[in-house]
Amino acid sequence: MKGIILAGGTGSRLQPLTKVTNKHLLPVYDKPMIYYPLNTLVKAGIKDILIVSGRGHAGHFLELLGSGKNFGVNINYAIQEEAGGIAQALSLAEDFADNDSVAVILGDNVFQNDFIFSDFKDGARVYIKEVPDPQRFGVVTLDRDKITKITEKPKQPETNWAVTGLYIYDATVFDIIKTLKPSQRGELEITDVNNAYIQRNALEARKIKGFWSDAGTFESLYRASEFVRNSKQ
């Protein structure tokens, strides 16, 4: 299994902090933000990792992380020429994946849990968490523990269960992405990828109990930093 960290985007919700650097290089307490998703993959035993970033600060990632030797992994890099959505960024990893399954994590996600991916066989897996502000995320509709649909940023969420920024896909994900059409935002949405797996009856959901937060807003960045600080005491 290969690992992919998606670290593109403009970080507009964190301006003016992101006027001079990529969002994923901002500090979350005592480490650059991207260290946290990177460590999530490393702890899960992933050895080959691709970082997808935008053009503006790609060299900063290379300067910070290098070849990955200091983390015991091999890091490769890809450039997303323009903001086209999470699924579009993931499509850039097709050659890197080389028909292997992939663990995909968003570069601003901070998890308390450690994960085991070795039991994954095929289809797709998402990790979901009950949150107080589900309208910010892809929200799942559940029939017991089975996801029947995912709605992206609904104004009136049917549940409080949000899809976190950690996904496992088999190699058919790249074929699915090729069939997608841009959303109203003009982007290829990862929610559409996940719903395609639901239609195939091939999406598994796992609930997580530990802390999880993105760090894409001032409040969530503060919340993630506070969690890291408190966990060290």
Checking segment 132-204 for GluC sites (Glu not before Pro) in a loop per DSSP with at most 15 other beta-carbon atoms within 10 Å yields Glu158
Fully extended contour minus Cα-Cα distance, from Asn39 to Arg206, at 0.36 nm per residue: 58.1 nm
Using a cut-off of under 18 Å, list every residue of segment 98-114 whose amide N is near the label point 7 Å from the Cα of Tyr29 along the Cα-to-beta-carbon line. 108-114
Sparse-neighbour loop sites [trypsin sites (Lys or Arg not before Pro); segment 2-98; at most 15 other C-beta within 10 Å; DSSP]: Lys47, Arg55
Students often forget the sequence filter, so: which aspartates and glutamates lie under 14 Å Cα-Cα from Lys146 once same-chain residues fewer than 8 apart are removed? Glu204
Which cross-chain or sequence-distant (5 or more) residues have an amide H under 5 Å from the amide H of Gly3, H modelled 1.01 Å from N in plane? Asp48, Ile49, Leu50, Ala103
7 Å from Cα along Cα→Cβ at both Glu219 and Lys181: what's the point-to-point distance in nm? 3.4 nm
In segment 120-225 the DSSP beta bridges are antiparallel at a rate, in percent to nearest 5, of 70 percent
Could you name the lysines whose alpha carbon sits less than 16 Å from that of Lys47, not counting residues in the same chain fewer than 8 places away? Lys2, Lys69
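Which shape class applies to segment 1-100: rounded if a/c is under 1.5, otherwise prolate when a/b exceeds b/c and oblate if not, where a ≥ b ≥ c are the square roots of the Cα gyration tensor eigenvalues?
Working: a/c = 1.92, a/b = 1.23, b/c = 1.56.
Oblate.
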What percent antiparallel are the DSSP beta bridges of segment 1-116, to the nearest 5? 10 percent
To check you understand DSSP bridge types, tell me what percent of the beta bridges within the chain (both residues inside) are antiparallel, rounded to 5. 50 percent
Inter-probe distance in nm under a simple model that places probes 7 Å from Cα toward Cβ, at Lys146 and Gln199: 1.8 nm
Please check: in the Gaussian network model of the chain (C-alpha springs, under 10 Å), which one of Asp119, Asp95, Asp214 has the largest mean-square fluctuation. Asp119
Can you tell me which of Ile105, Ile116, Ile79 moves the most in a GNM of the chain? Springs connect C-alpha atoms under 10 Å apart. Ile116
Most mobile of Asn109, Asn22, Asn76 per a Gaussian network model of the chain (Cα springs, under 10 Å)? Asn76
With x for Gly and Pro, the residue-by-residue ³J(HN,Hα) of segment 102-117, computed from phi through the Karplus equation 6.51 cos²θ - 1.76 cosθ + 1.60 at θ = phi - 60° and given in whole Hz, is 9, 9, 10, 9, 6, x, 10, 9, 10, 10, 7, 5, 9, 10, 10, 9
Which residue, chosen from Val104, Leu64, Asn76, occupies the Cα position most advanced towards the positive end of the dipole of segment 61-108, where the dipole is computed from +1 (Lys, Arg) and -1 (Asp, Glu) charges on Cβ about the Cα centre? Leu64
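Out of the GluC sites (Glu not before Pro) in segment 76-130, which ones are loop residues according to DSSP with at most 11 other C-beta atoms within 10 Å? Don't skip to the answer; put the middle values down first.
Values: sites: Glu81, Glu82, Glu94, Glu130; in loops: Glu81, Glu82.
Sparse-neighbourhood loop GluC sites (Glu not before Pro): Glu81, Glu82.
For the chain, give the magnitude of the charge dipole about the Cα centre (Cβ charges: +1 Lys/Arg, -1 Asp/Glu; no others), in debye to the nearest 20. Don't jump to the answer; show the numbers that get you there.
Values: 28 positive and 28 negative charges, 117 e Å.
So the magnitude is around 560 debye.
Using the Cα gyration tensor of the chain, with a ≥ b ≥ c the square roots of its eigenvalues, what is the shape: rounded (a/c below 1.5), prolate (a/b larger than b/c) or oblate (neither)? Let's see the in-between values first.
Numbers: a/c = 1.32, a/b = 1.16, b/c = 1.14.
Taking the square roots of the gyration eigenvalues as a ≥ b ≥ c, the chain is rounded.
Rounding to the nearest 20 debye, state how big the charge dipole of segment 6-131 is about its Cα centre with +1 on each Lys and Arg Cβ and -1 on each Asp and Glu Cβ.
Working: 11 positive and 14 negative charges, 92 e Å.
Charge dipole, segment 6-131, about its Cα centre: 440 debye, nearest 20.
Run the dipole for segment 149-198 about the Cα centre, Lys and Arg Cβ at +1, Asp and Glu Cβ at -1, nothing else charged, and hand back the magnitude in debye, nearest 20. The partial results should precede the final answer.
Values: 6 positive and 7 negative charges, 38 e Å.
Its charge dipole is roughly 180 debye.
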Roughly how many Å is it from the Cα centre of segment 52-69 to that of segment 210-233, as a whole number? 23 Å
Select from Ile4, Ala87, Phe218 the residue farthest towards the positive end of the dipole of the chain; place +1 on Cβ of Lys and Arg, -1 on Cβ of Asp and Glu, and compute about the Cα centre. Phe218
Value of [θ]222 nm, deg cm²/dmol, for the chain, DSSP H segments ≥ 4, -39500 (n - 2.57) each, nearest 500: -7000 deg cm²/dmol
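Taken together, the values in this text are just the output of simple stated rules run on the coordinates, not laboratory data. Keep in mind that what you see is a predicted model, and the values were worked out from it rather than measured. All Cβ positions, even for glycine, are placed from backbone atoms using ideal geometry, and neighbour counts span all protein chains on display.
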